[in-house]
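Chemist: Okay, here's the structure, questions in a sec.
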Ligand SMILES: O=C(CO)COP(=O)(O)O
């Protein structure tokens, strides 16, 4: 399973969490990575952890004030990027452009979507993976894999109907190893999670618990 820890803009120490993700990754068969804010990518990547961006824009070098250029994110040390997270929604044309920009910079891509219908559309854009995250469950501690298993199964089916090479992840409310196992049982190849680690008093022990059954 792939476990991607999204730090959002939580007030955690990104380097401390990154070091914990790195250490737990080294002690498990699961693949762990972290997605810090853009301003923290370089410091996080220096820990040696697999580092992802939370967003890139559908732009090239040029006059794009305030945008996130895929090449700059990659230069800072990211190896992949989320696109269209529920908290950073894009228009369809911009999702398409962001996937192309990320590919141009050799970044792995996960396009997020709210529901299985959107997952099908996202898979058609040719990302490496898609992630279904029902917004109503994000940050609640109620895991999508247990509260709404149909949404995960239907997302897996929707992506497979469009392009069977696109992996499916799920996220929202995931905080325990049982939640991750349940996601895998529903056909997800990984999970996105945030508050369960970024808001934990002890992120390292939260991560250890999370990967323990994997
Ligand atoms: O949005 C998420 C990951 O990208 C999920 O957030 P929570 O794990 O806090 O529900």
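Chemist: Take the residues of region 132-168 that are within 15 Å of the ligand (Cβ to nearest atom) and under 24 Å from residue 100 (Cα atoms): which is surrounded by the most Cβ atoms within 10 Å (Cβ to Cβ)?
Modeler: From region 132-168, those within 15 Å of the ligand (Cβ to nearest atom) are 132-148, 151-152, 155, 168; that's our starting set.
Then drop every residue that is not under 24 Å from residue 100 (Cα atoms), which leaves 132-133, 155, 168.
Details: 132: 28, 133: 28, 155: 31, 168: 27.
Here the answer is 155.
Chemist: Moving to a separate point now. Looking only at residues in region 25-39 that are touching a strand residue (DSSP E or B) at 6+ places or on another chain (Cβ under 7 Å) and more than 22 Å from residue 83 (Cα to Cα), which one is surrounded by the most Cβ atoms within 10 Å (Cβ to Cβ)?
Modeler: If we take residues in region 25-39 being touching a strand residue (DSSP E or B) at 6+ places or on another chain (Cβ under 7 Å) and more than 22 Å from residue 83 (Cα to Cα), then 25 is surrounded by the most Cβ atoms within 10 Å (Cβ to Cβ).
Chemist: Could you grab the pairs with beta carbons closer than 7 Å, sequence gap of 6+ or different chains, first residue in region 127-146 and under 25 Å from residue 106 (Cβ atoms) and in contact (Cβ under 8 Å) with a residue 60 or more places away in the chain, second one part of a loop (DSSP other than H, G, I, E, B) and more than 8 Å from the ligand (Cβ to nearest atom)?
Modeler: The qualifying pairs are 129/166.
Chemist: Continuing with this model, one more query. Tell me whether region 88-105 contains one or more residues that are surrounded by 16 or more Cβ atoms within 10 Å (Cβ to Cβ) and within 14 Å of the ligand (Cβ to nearest atom).
Modeler: no
Chemist: Tally up the residues in region 190-204 that are in contact with a helix residue (DSSP H, G or I) (Cβ under 7 Å, 6 or more places away or on another chain) and either within 8 Å of the ligand (Cβ to nearest atom) or in contact (Cβ under 8 Å) with a residue 24 or more places away in the chain (or both), please.
Modeler: So in region 190-204, the residues in contact with a helix residue (DSSP H, G or I) (Cβ under 7 Å, 6 or more places away or on another chain) come out as 191, 196-198, 200, 203-204.
Among the residues that remain, those that are also either within 8 Å of the ligand (Cβ to nearest atom) or in contact (Cβ under 8 Å) with a residue 24 or more places away in the chain (or both) are: 191, 196-198, 203-204.
The total comes to 6.
Chemist: Residue 129 - would you say it is under 21 Å from residue 102 (Cα atoms) and buried (at least 17 other Cβ atoms within 10 Å of the Cβ)? I'd like the intermediate steps shown before the answer.
Modeler: Working: under 21 Å from residue 102 (Cα atoms): yes; buried (at least 17 other Cβ atoms within 10 Å of the Cβ): yes.
Criteria met by residue 129.
Chemist: Exactly one of these conditions fails for residue 22: (1) free of Cβ contacts under 8 Å to residues at least 40 places away in the same chain; (2) under 28 Å from residue 97 (Cα atoms); (3) buried (at least 18 other Cβ atoms within 10 Å of the Cβ); (4) more than 16 Å from the ligand (Cβ to nearest atom). Give me its number.
Modeler: Of everything listed in (1) free of Cβ contacts under 8 Å to residues at least 40 places away in the same chain; (2) under 28 Å from residue 97 (Cα atoms); (3) buried (at least 18 other Cβ atoms within 10 Å of the Cβ); (4) more than 16 Å from the ligand (Cβ to nearest atom), residue 22 misses just condition (2).
Chemist: Check region 51-58 and report whether any residue there is crowded, with 16+ Cβ neighbours inside 10 Å and either farther than 20 Å from residue 169 by Cα or modelled with pLDDT under 95 (or both). Walk me through how you get there before you give the answer.
Modeler: If we filter region 51-58 for residues that are crowded, with 16+ Cβ neighbours inside 10 Å, which is where we start, we get 51-58.
Filter once more, keeping what is either farther than 20 Å from residue 169 by Cα or modelled with pLDDT under 95 (or both): 57-58.
Yes, there is a match, as at least one residue in region 51-58 is crowded, with 16+ Cβ neighbours inside 10 Å and either farther than 20 Å from residue 169 by Cα or modelled with pLDDT under 95 (or both).
The values are calculated or read from the model by the stated rules, or taken from the named source; none is laboratory data. Predicted model only: the values in this text are computed from it and were never measured. Glycine also receives a Cβ, built like all others from the backbone with ideal geometry; neighbour counts cover every protein chain displayed.
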